[in-house]
Amino acid sequence: MKVKTAVIPIAGKGTRFLPATKQIPKEMIPIVDKPMVHYVVEEAVEAGIEQIVFVTSTGKEQIENYFDRNCELESFLLQNGKEELYEKIKSIGQMTEVITVRQKEQLGLGHAIACAAPIVGHDPFAVLLGDDIVLSEKPVIKQLCEVHENYQSGTVIGVMEVDRKETDKYGIISGSVLDGDPKTYTMDSMVEKPKPSEAPTCLATPGRYILNPDIFQALSEIPKGAGGEYQLTDAINLLAKDGGVYAHIFDGDRFDAGNIPGYLRATVEFALRSSEFRSDMEKIIVEKFSEIRKS
Ligand code: UTP
């Protein structure tokens, strides 16, 4: 069944970006010239997703507004001869259908996904984290949709190989690789942040999933987990006990823009990949590098 809906949870408090997030939603902080959530929505739209469900909270209204039309700004740009910018701004408001649902208390990612249940209904859906960006030729969520279609599976988790020294920063899966499909695994379980010596694999789970509505039942059964929050990982582990959960190593470069070092890396990398800003960023890097070497 074609995946038409994507849930993007954006209700978190973004404490790692304080004080900026005292007033600006973390997901609206720009990387070069677009807010981070723009890249995430773009990925979903390019994958053929038709409807975005934002799970939001107080103070996140700017995100909804960003994906709406702004006719006043559009007329201003047109009247002032800025056709190219006009087209760019208009296209953001026409990118996709947006629905929002509120998460009234920030009780964790699992709880945020559960808030989308009344809108998602009975069909499989995608989940993309609003501060996790992946640059790839084929959108990652499309890569996962293909696995979902090939194996008639309800649940597919995007995974990436990480250095064994880093397993304690991620959710890590255990499972068995499929015959004839070396990038896809049947998943037995997921462990949160295992020590390198205890990690069952080096396959980490950043924020990309295809889920079946049976996840909502699992979410209603789990107790609070790590950090006193309802964890999506715990609900997926519950489903994995009955089999039918797949993990797929996706192609693409992933940036965790939800923390400051990851955000800084994303900014440099995206500027270097931009035809407009590449030479500026190169100049900055070269100048700074020679300054640092001299000091
Ligand atoms: P994070 O843990 O990275 O976001 O969750 P956070 O809680 O906003 O960040 P810090 O730790 O306080 O700095 C990943 C994504 O899940 C959403 C966040 O908005 C983010 O996009 N999220 C998290 C929710 O929607 N609800 C929650 O209860 C928790």
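Read the figures in this text as sums done on the coordinates, not as results from a lab. The model shown is predicted, which means the values in this text are computed figures rather than measured ones. So basically every Cβ, Gly included, is an ideal-geometry build from the backbone, and we count neighbours across all protein chains shown.
Points worth noting:
- Each residue, residue 294 and residue 136, gets one label point 7 Å from its Cα in the Cβ direction; the gap between the two is 4.4 nm.
- Gaussian network model of the chain, springs between alpha carbon atoms under 10 Å - residue of 146, 83, 74 with greatest fluctuation: 83
- In this structure, residue 179 and residue 72 have a Cβ-Cβ separation that, at R0 = 35 Å, corresponds to a calculated FRET efficiency of about 0.05.
- When only the Cβ of Lys, Arg, Asp and Glu is charged (+1, +1, -1, -1), the dipole of the range 78-143 relative to its Cα centre reaches about 100 debye.
- Overall form of the range 158-235: oblate. Here a/c, set by the Cα gyration tensor axes a ≥ b ≥ c, is 1.5 or more, and a/b is not larger than b/c.
- For residue 34, the lysines whose Cα falls under 26 Å of its own Cα, not counting residues fewer than eight places away in the same chain, are 4, 13, 22, 26, 60, 82, 88, 90, 138, 142, 283, 288.
- Compactness of the range 129-286, expressed as Rg and Dmax over alpha-carbon positions, Å: 17.2, 55
- Additional length obtainable on full extension of the chain from residue 94 to residue 119, 0.36 nm per residue less Cα span: 6.9 nm
- Tensor-based shape of the range 3-132 (alpha-carbon gyration tensor, a/c under 1.5 rounded, otherwise prolate or oblate): oblate
- Chain lengthening between residue 186 and residue 61 when straightened (0.36 nm per residue, less Cα-Cα): 41.1 nm
- Dipole in debye (nearest 20) - the range 168-295, about Cα centre, beta carbon charges: Lys, Arg +1; Asp, Glu -1: 560
- A Förster radius of 30 Å combined with the Cβ-Cβ distance from residue 20 to residue 217 puts the calculated FRET efficiency at roughly 0.20.
- The chymotrypsin sites (Phe, Trp or Tyr not before Pro) of the range 126-223 that meet both conditions, a loop assignment by DSSP and at most 16 other Cβ atoms within 10 Å of the site Cβ, are 151.
- Remark: spin-label model distance residue 264-residue 163 equals 1.7 nm, labels positioned 7 Å along the Cα→Cβ axis.
- Gyration tensor (alpha-carbon) shape descriptor, the range 1-40, a/c threshold 1.5: oblate
- With the simple model of a label 7 Å out from the Cα in the direction of the Cβ, residue 286 to residue 151 spans 4.8 nm.
- Only helical runs count toward this figure. For the chain, summing -39,500 (n - 2.57) over DSSP H runs of n ≥ 4 and dividing by all residues gives -10500 deg cm²/dmol at 222 nm.
- Dimensionless Rg/Rh of the chain - Kirkwood Rh, Rg from C-alpha atoms: 0.98
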